[in-house]
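Read through the structure below, which is laid out as structure tokens, and then see the notes.
The values are calculated or read from the model by the stated rules, or taken from the named source; none is laboratory data. Just so it is clear, the model here is predicted, and its values are computed rather than measured. All Cβ positions, glycine included, derive from the backbone under ideal geometry; neighbour counts span all protein chains shown. Note: areas computed on protein heavy atoms with side chains; ligands, DNA, RNA excluded. Shrake-Rupley method; radii C 1.70, N 1.55, O 1.52, S 1.80 Å.
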Amino acid sequence: MELEVRHLRVLCAIADSGSLHRAARELGMAQPSLSTQLRRIEQTLGGQLFVRARTGCRATPLGHEVLSRARPLVAELAALVTETRAAAARAAGGRRLRIGATASRAIPGWLRRLRGRAPRTEPTLQMDVSANSLLGMVASGRLDLAFVHEVEGSPLRVPPQLCLRVLVEREPQFVTLAVDHPAAARREVALPDLAGDRWMVDSTVDGEWNALCRVLRAAGQEPDILHGDYLTAYSLAATGEVVTVSQPTAHPRSDLALRPLRGDPIGVRLLLAARTEAEIDGVFAELADAYREVARESPVYREWLERAAADGGGRGGPP
């Protein structure tokens, strides 16, 4: 097998994510295919590059040596592609704005505002559950901007060349449960009300699993948590099988109840990242407007914000 740049990207993705599963998601591959490709790369190079364990993957000494050579090559090629595409867009009289984001209901409104403000600017969107992966893509020139969530207690790995701006300093995370769950009758839910429930969260979302474990243990509960994507989590929550963590802007559903957690024990910081402050200046106002719009559209979050304002505004919320 001839070693190619795409193989170097695979190695960098595994090292950055620390997991074959997360690297496969980042690369848009099935995990078995990624495992097979890694074995072929190792056979070509003549040694093991990563140690696989239940806790993830870590580079061997040979792996570190290969990565030290691979990273500059991958970054240089990414910069070449980025600069060439930008030059082509300028020559055509327009500009592509490459945006990455973790999940948020503010994104459609943000893109709509950007298109309306500058018709010759065409935003493109790449979604990823991993904020750290998106930040790495901005740093390497594969994205222009990233709108990401930083889970409280799990700081993101922010490349030093990036600029950050805070959209919301602390957004409370709510709980979603079946509409006929006994706790759904309350305006806000205390963790003891959910002591007999299983939770489901997506463990590939940076920091989310650890945050929920910390909160449950602090409440004297032994975590009973299943892994699953949030589409599955909402489907199971509707039948009473699980409860799940939700953004406060989540769209209302007739079979689900969205409720604040008493004391707001789980919070995230919403950030916009780019390589320059000027790039952030060019899109931040539209993002803030889009976020305020979806916050107003969520009855439960709107009520929470009104109570926060009445209490003196110290609980966070949209700008």
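Observations, loosely collected:
- Rounded to 5, percent antiparallel among DSSP beta bridges of the range 170-290: 65 percent
- Solvent-accessible area per residue, Å², over the range 97-192 with all protein chains present [probe radius 1.4 Å]: 41 Å²
- Prolate/oblate/rounded call for the range 1-62, Cα gyration tensor, a/c under 1.5 rounded: oblate
- Around Ser130: net Lys/Arg minus Asp/Glu count, Cβ-Cβ under 11 Å: -3
- Full-extension gain in nm, Gln161 to Gln43, via 0.36 nm per residue minus C-alpha separation: 39.0 nm
- Listed residue (Leu77, Gly220, Gln43) projecting farthest to the positive dipole end of the chain, Cβ model: Leu77
- Mean separation of Cα contacts under 8 Å (6+ apart) over length of the chain, as relative contact order %: 19 percent
- When the square roots of the Cα gyration tensor eigenvalues are ordered a ≥ b ≥ c, the ratio a/c for the range 153-304 is 1.5 or more and a/b exceeds b/c, which makes its shape prolate.
- Potential extension, Thr121-Arg69 segment - 0.36 nm per residue separation minus Cα distance: 15.1 nm
- Here the ratio of the Cα radius of gyration of the range 233-317 to 2.2 N^0.38 Å is 1.31.
- Radius 12 Å from Cβ of Ala195, net charge of other residues (Lys, Arg +1; Asp, Glu -1): -3
- A cut-off under 12 angstrom between Cβ atoms defines the neighbours of Ser154, and their net charge, with Lys, Arg +1 and Asp, Glu -1, is -1.
- Share of carbon and sulfur in the accessible heavy-atom surface of the chain [1.4 Å probe, %]: 53 percent
- Taking the three principal axes of the alpha carbon atoms in the chain, the coordinate ranges are 62, 49, 30 Å, sorted in descending order.
- By DSSP, the beta bridges lying fully in the chain are antiparallel in about 60 percent of cases.
- Ordering of 17-26, 228-237 by packing [mean C-beta count within 10 Å, highest first]: 17-26, 228-237
- Take the range 1-63 with all the other protein chains still there, run a 1.4 Å probe, and you get 56 Å² of accessible area per residue.
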